Amino acid sequence: MSKKPELATGTVALSVVIPCYNERDGMAEMYRRVTAACEAQVGDEFEIVLVIDGATDGTREAAFSLAQTDGRIVVIDLSRNFGHQIALTAGLEFCRGERILVLDADLQDPPELLGPMMARMDEGFDVVYGQRLKREGESWFKKATAALFYRLMRKMVDIDLAADTGDFRLMNRRTLQHLNAMPEHYRFIRGMVNWIGLKQTAFHYQRQARFAGTTHYPLRKMLLLAIDAMTSFSIVPLRLASHLGLLFGFIGLLTLGYTLFSWLSGDVLPGWTSIAAIVLVLGSVQLLMLGIFGEYLGRMYMETKRRPLYVVNEIVRFDRAAETKAS
Ligand code: UDP
Ligand code: MG
């Protein structure tokens, strides 16, 4: 794991960790609503950790100027774009709160739900995770693929991942300590939190449309996240090999019987079609299985390098008047 640069010590009651990619147009509104929600719950005892994930549209500058006016904001500026899950990891490693709220910068998950989520945690839960009832302003394609993904994951993985959950959740410090102790590079954080166990509960809410900008999760990135999720939590795809092998072995036996029968009845010439079909099917199955092996092998290779997960360019935090910088 990367070393944690020295930040002002001591903990606060609440940290809100927000990974921000290109979110310039939503920053001011996000700041307004998040601070209002936090103040209503914990007064001044909170920090907002903005992780700037290699933004190119002025989000960084917007975050810096917010930090200048408000000492409760910590900006972690990553050296480049590392992706949502890694940016979130960086924020989770640096934050100091007793309780930690994970939020997106685009206000799709309403910060005002902090109150009820805190109340739920007071009932004795370690994690209160948001579960979406309805998603507004997202394409049917996104909703359909997301739904398919969660159904598939639930069938495949050994953990009980609730459907329709994102990274929007409130967790306590002891849960976060376990999460921060997980060094893997291919991170599917909602699954990792679920894996930790302890006392977790769902909190139902309606997902809103983005306040500004467009999604940074196009199909390609969603597929990558899905592959990360499945390979991190399941070896069922590897087992596919033996299942498919058995299936096609059985089909092969049937075909063999048929060939022998044709040979005995003197009808030997036809058969190109079936041979071609068999070769094609087997060839594609073998390639598929090689691909799946490759996915796991590649991940094992990357994990063995034990690289830090991210690089921090600078950390900016204005302690009321004084400025603290570390890198
Ligand atoms: N994000 C990030 N790095 C990326 C892509 C996204 O930090 O490479 C952030 C983004 O700014 C937002 C959150 O991750 O706060 C979720 O992204 P987005 O809203 O685009 O995803 P969606 O809600 O459409 O799944
Ligand atoms: Mg979003």
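The values are calculated or read from the model by the stated rules, or taken from the named source; none is laboratory data. Remember, predicted model here, so these are calculated numbers, not experimental data. Quick reminder, even Gly has a Cβ in these numbers, built from the backbone with ideal geometry, and neighbours come from all protein chains shown.
Hey, among the residues in the stretch 189-209 that are within 16 Å of ligand 1 (Cβ to nearest atom) and over 18 Å from the mean Cα position of the chain (by Cα), which one's surrounded by the most Cβ atoms within 10 Å (Cβ to Cβ)?
Top of the filtered list is 205.
Could you grab the pairs with beta carbons closer than 8 Å, sequence gap of 6+ or different chains, first residue in the stretch 88-113 and without any contact (Cβ under 8 Å) to a residue 40 or more places away in the chain, second one part of a loop (DSSP other than H, G, I, E, B) and among the aliphatic types (A, V, I, L, M)?
From residues that are without any contact (Cβ under 8 Å) to a residue 40 or more places away in the chain, there are no pairs.
Would you pick out the residues in the stretch 210-231 that are more than 8 Å from ligand 1 (Cβ to nearest atom) and farther than 17 Å from residue 55 by Cα?
Within the stretch 210-231, 211, 219, 220, 223, 224, 225, 226, 227, 228, 229, 230, 231 meet the criteria.
Tally up the residues in the stretch 46-55 that are away from ligand 2 (no atom under 16 Å from the Cβ) and without any contact (Cβ under 8 Å) to a residue 40 or more places away in the chain, please.
The total comes to 3.
Can you say whether residue 138 is over 21 Å from residue 187 (Cβ atoms), in contact (Cβ under 8 Å) with a residue 24 or more places away in the chain and in a loop (DSSP other than H, G, I, E, B), as far as the supplied structure shows?
yes
Of everything in the stretch 147-179, what is surrounded by 15 or more Cβ atoms within 10 Å (Cβ to Cβ) and modelled with pLDDT of 90 or more? Give them in sequence order.
167, 168, 169, 170, 171, 172, 173, 175, 176, 178, 179
Working carefully through the options 67, 37, find the one that is in contact with a strand residue (DSSP E or B) (Cβ under 9 Å, 6 or more places away or on another chain) and under 24 Å from residue 206 (Cα atoms).
Of the residues listed, the single one that is in contact with a strand residue (DSSP E or B) (Cβ under 9 Å, 6 or more places away or on another chain) and under 24 Å from residue 206 (Cα atoms) is 37.
Kindly establish whether residue 47 is part of a helix (DSSP H, G or I) and more than 27 Å from residue 138 (Cβ to Cβ).
Here the answer is no, as residue 47 does not meet what is asked.
Contact list please: Cβ distance under 7 Å, first residue in the stretch 56-82 and among the charged types (D, E, K, R), second residue in a helix (DSSP H, G or I), pairs at least six apart or on different chains.
57/24; 77/60
Tell me, which helices (runs of 4 or more DSSP H) lie completely within the stretch 150-263 with 2 or more residues that are touching an Asp or Glu at 6+ places or on another chain (Cβ under 7 Å) and away from ligand 2 (no atom under 16 Å from the Cβ)? Break it down stepwise before answering.
On the way: elements: 173-180, 189-196, 219-233.
Hits in the stretch 150-263: 173-180, 219-233.
Please specify each residue of the stretch 77-100 satisfying the condition of being within 13 Å of ligand 1 (Cβ to nearest atom) and part of a strand (DSSP E or B).
Passing the criteria: 77, 78.
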